[in-house]
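Below: the structure, in structure tokens.
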Amino acid sequence: MSNDTYDQYRESVAGRADVSDTPELLAYYRQLEQLKTGALWTVANKIEPWQPKSQSVPVLWRYAELREHVLRSVALVSPEKAGRRVIYLDNPGRREVSAAVGWLYSGLQVMHPGEVASAHAHSSSALRFIMEGRGAYTIVDGHKMTLEANDFVLTPNGTWHEHGVEADGLPCIWQDGLDIPLVNALEAGFYAVHPDLHQAVAHPVDDAVALWGAPGLRPQDVGWNRPYSPLFKYQWGPTYEALQRYARATEGSPFDGLLMHYTNPVSGGHVMATIGASMQLLRPGFAGRAHRHTGSFIYQVAKGHGHSIIDGQRFDWKERDIFCVPSWAWHEHVNGSASEDACLFCFSDLPVMEKLGLYREEAYAEHHGHQPVITPAAA
Ligand code: GTQ
């Protein structure tokens, strides 16, 4: 069925379940229940909504509020005891599945100089976005990567991975993004701890970038057939430069400004099978139009300040804040500065939506493309 067909018939009531309870029917339902069955018309309108109705609520997590609590965990638990010392983002509508939004998990992980978190592997795909500190590193299947602020790192599903901070570094905080809730919903999650607790570094440091990180170039005689990108690290410097060049060459999108997807250099597609990521630049004074689409999205402000209106609620953000846009929620982004650009890092389940044929997008047609603000910014 085409999208037009959906829209044409969306609100017609005929053909929807409309059965009132009677004593006979209630008795009948009880009998069905005992046989572990049910009458579809009692649940049909709930399980087949006209359009997506997310259980997740839009949330802004302010780094200024979170940071001290994240740092306090260092004195309270060790990475050895905790496994991963992380404060996770708990969407009030998704507590049961520990999701930040939809089927995505996110948390803030903190490590002090000299600390290490042991190596493990799991069915979930993971990423990190570095927020602050110096000397952080991640080792993925023997490939060690040094990490700096705004670097984006992959730890794809099935890979051994461990994190640490060099002894001469500074306390580090990064955002973890994983598809744990999705993998659990699909009942497909396995988890293993590395037999030696740590991996040997089997390649030159940052070799993934040396091999796969040169734009438009591909190494000779190096094969790659895994379902994720061999470029495990995407550095902030080249990413920001690419966005600036892109901004000089094009107007960009009226909704997203200048948005570039991080890609698998072999396939040109998303970085991992279930999680995609992007960085977008909002020009000084940019006020994006509202639109909505399927998929769950978690943003981290990499640069600048501004606000987003999500389903009529205004959220004022600045560097390091994190916010989420639930599936099918109207959203628009505004750069709060007339002289500086703003950059938003984002990860999402877009690859899942696209592969399953579930991606759908709609522009906000009224009020010149901008939502009325129902809830002003919280103090
Ligand atoms: O570092 O591998 O925040 O497995 C949650 C689960 C981080 C990790 C998290 C994990 C990790």
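Count of segment 117-135 residues, restricted to those that are assigned to a strand (DSSP E or B) and within 28 Å of Leu186 (Cβ to Cβ), is 10. If I filter segment 9-17 for residues that are assigned to a loop (DSSP other than H, G, I, E, B) and at pLDDT 95 or above, do I get at least one hit? There is no residue in segment 9-17 that is assigned to a loop (DSSP other than H, G, I, E, B) and at pLDDT 95 or above. Residues that are aliphatic (A, V, I, L, M) and either surrounded by 15 or more Cβ atoms within 10 Å (Cβ to Cβ) or over 23 Å from the mean Cα position of the chain (by Cα) (or both) within segment 336-376 comprise Ala338, Ala342, Leu344, Leu350, Val352, Met353, Ala365, Val373, Ile374, listed in sequence order.
Condition first: over 18 Å from Ser253 (Cβ atoms) and in contact with a Leu (Cβ under 9 Å, 6 or more places away or on another chain). Can you find one or more residues in segment 351-372 that meet it? Scanning segment 351-372, I find at least one residue that is over 18 Å from Ser253 (Cβ atoms) and in contact with a Leu (Cβ under 9 Å, 6 or more places away or on another chain), so the answer is yes. Could you grab me the full set of residues in segment 262-290 that are in a strand (DSSP E or B) and either under 30 Å from Asn184 (Cβ atoms) or of a type in the set (Val, Ile, Thr) (or both)? Listed by number, the residues that qualify are Gly276, Ala277, Ser278, Met279, Gln280. For segment 83-98, a tally of residues being outside any strand (DSSP E or B), under 16 Å from the mean Cα position of the chain (by Cα) and within 14 Å of the ligand (Cβ to nearest atom) returns 4. Per the listing Val183, Val116, the residue uniquely more than 10 Å from the ligand (Cβ to nearest atom), in contact (Cβ under 8 Å) with a residue 60 or more places away in the chain and closer than 21 Å to Leu76 by Cβ is Val116. For Gly107, the conditions (1) part of a helix (DSSP H, G or I); (2) near the ligand (Cβ under 10 Å from one of its atoms) are fulfilled apart from (1).
Given the structure, is Thr138 part of a strand (DSSP E or B) and near the ligand (Cβ under 10 Å from one of its atoms)? In short, yes.
If you check Val222, Val205 for being within 22 Å of Ala273 (Cβ to Cβ), of a type in the set (Val, Ile, Thr) and away from the ligand (no atom under 13 Å from the Cβ), only one passes: Val222.
Among the numbered conditions (1) modelled with pLDDT of 95 or more; (2) at positive phi, the only one that His368 does not meet is (1).
For residues in segment 66-82 being closer than 20 Å to Gly177 by Cβ and surrounded by 12 or more Cβ atoms within 10 Å (Cβ to Cβ), which is farthest from the ligand (Cβ to nearest atom)?
Initially, segment 66-82 is screened for residues closer than 20 Å to Gly177 by Cβ, giving 66-67, 69-70, 73, 79, 82.
The next check asks that each one be surrounded by 12 or more Cβ atoms within 10 Å (Cβ to Cβ); those that pass are 66-67, 70, 73, 79, 82.
Values: Leu66: 14, Arg67: 16, Val70: 12, Ser73: 12, Pro79: 10, Ala82: 10 Å.
The residue in question is Arg67.
Criterion first (over 24 Å from the mean Cα position of the chain (by Cα) and at pLDDT 95 or above) does Pro219 satisfy it? In short, yes.
The values are calculated or read from the model by the stated rules, or taken from the named source; none is laboratory data. Predicted model only: the values in this text are computed from it and were never measured. We place every Cβ from the backbone using ideal geometry, glycine too, and count neighbours over all the protein chains shown.
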